[in-house]
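Coordinate-derived values only; no laboratory data. This is a predicted model, so every value here is computed, not measured. Here Cβ is always computed from backbone atoms with ideal geometry, including for glycine, and neighbour counts include all displayed protein chains.
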Amino acid sequence: MAQFEPLQAEIEELRASVLFIAAEKRAGMFKPEGFFTKHPVSFPFLLDEDRSVTKAYGVHNRLALDAIDIAKPATFVVDRGGIVRFIYVGRNQMDRAPLPQVMTAVASCQPSVASC
């Protein structure tokens, strides 16, 4: 999440949106409500308490060496038509999508302006 905060203006300029989703209960192990009170974020955040969203996108991690019943770190870029244009699913809980690749994918979803 923190890596996207400095890019908020660029994301808005591209007329894009960012949404974070965590497979976590409101009062779960990582206490997300307390975290967001202390560390507010500029983008919407969904707590996927029943894991329905992470399961639907195929990133739910029921059991692994570094995870129990949480999502794999994943980044999806979805265009305005609802077509998924970029997917990155981390191999472990520390593996995140390279930010330059994400921003390139976001920019590629923008309609080009043809000059007359």
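Report summary: the helix-based calculation at 222 nm, which adds -39500 (n - 2.57) for every DSSP H run with n ≥ 4 and divides by the residues of the chain, gives -6000 deg cm²/dmol. Within straight-line reach of residue 55, meaning a Cα separation under 23 Å, sit the following lysines at least 8 residues removed in sequence or on another chain: 25, 31, 72. Cβ-to-Cβ counts within 10 Å put 1, 103 in ascending order as 1, 103, the fewest first.
For mean projected area of the Cα convex hull in nm², the listed values are (i) 9.6; (ii) 7.2; (iii) 8.3; which was obtained by calculation from the structure presented? Looking at mean projected area of the Cα convex hull in nm² for this model, the match is (iii). Classified by the C-alpha gyration tensor, segment 14-76 has an oblate form. Its axis ratio a/c, with a ≥ b ≥ c, is 1.5 or above, and a/b does not exceed b/c.
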